[in-house]
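S.K.: Shown below is the structure under consideration.
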Amino acid sequence: MAELSPDEKAAISHRGKGRTSVAAMARSALTDTPDPDTVVPSKAAGAAVSVVSNTSLILLKVVAGIVTGSVALLTEALHSSIDLVASIVAFFSVRMADEPADDDHPYGHEKIENVAAGIEGC
Ligand SMILES: [Zn+2]
């Protein structure tokens with residue numbers, strides 16, 4: 001296995017440092033004045049909003065379905081959970097797409113979004 005240069009090690013450790021939580025990304029997308037410490041790509045922040053909103057929808061639909069005894073609402077909750085899977089796939093793919101080009105992928109990682117779109121379409 002090839003030994004990494006100090007610069008490569010620094011690049012790898014820095015990559016992890018910029019990671020923020022889904023909730024923090026959603027917050028930064030929804031507020032006009034985001035926390036300067038949580039500077040995030042807008043596509044990832046948008047996908048984070050989608051993850052948070054789908055999770056909220058599932059919880060509300062399950063509670064409403066149980067309270068009212070409505071099977072239709074429980075079916076809706078199931079539908080929203082499929083949407084949640086798609087938004088999670090989108091969230092991770094846009095983050096991977098923003099990774100800079102490397103030796104294995106000299107043209108960058110943006111085409112991962114096409115793969116994700118195919119998965120979400122299934
Ligand atoms: Zn790569």
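S.K.: Among the listed residues Lys61, Lys43, which satisfies the condition of being basic (Lys, Arg) and modelled with pLDDT of 95 or more?
M.R.: Answer to the selection: Lys61.
S.K.: Take the residues of the range 98-116 that are more than 11 Å from the ligand (Cβ to nearest atom) and touching a residue at least 24 places away in the same chain (Cβ under 8 Å): which is surrounded by the most Cβ atoms within 10 Å (Cβ to Cβ)?
M.R.: Among residues in the range 98-116 that are more than 11 Å from the ligand (Cβ to nearest atom) and touching a residue at least 24 places away in the same chain (Cβ under 8 Å), the one surrounded by the most Cβ atoms within 10 Å (Cβ to Cβ) is Ala116.
S.K.: If you don't mind, another one. Assess whether Val62 counts as being more than 16 Å from the ligand (Cβ to nearest atom), over 18 Å from Ala24 (Cα atoms) and either open to solvent by less than 80 Å² (accessible area, probe 1.4 Å) or over 16 Å from the mean Cα position of the chain (by Cα) (or both).
M.R.: Criteria met by Val62.
The values are calculated or read from the model by the stated rules, or taken from the named source; none is laboratory data. Every value quoted in this text rests on a predicted model; they were computed, and no experiment measured them. Glycine gets a Cβ as well: all are built from the backbone with ideal geometry, and neighbour counts include every protein chain shown. When the accessible area is computed, the model is the full protein with side chains, heavy atoms only, and any ligands, DNA or RNA have been set aside. Shrake-Rupley method; radii C 1.70, N 1.55, O 1.52, S 1.80 Å.
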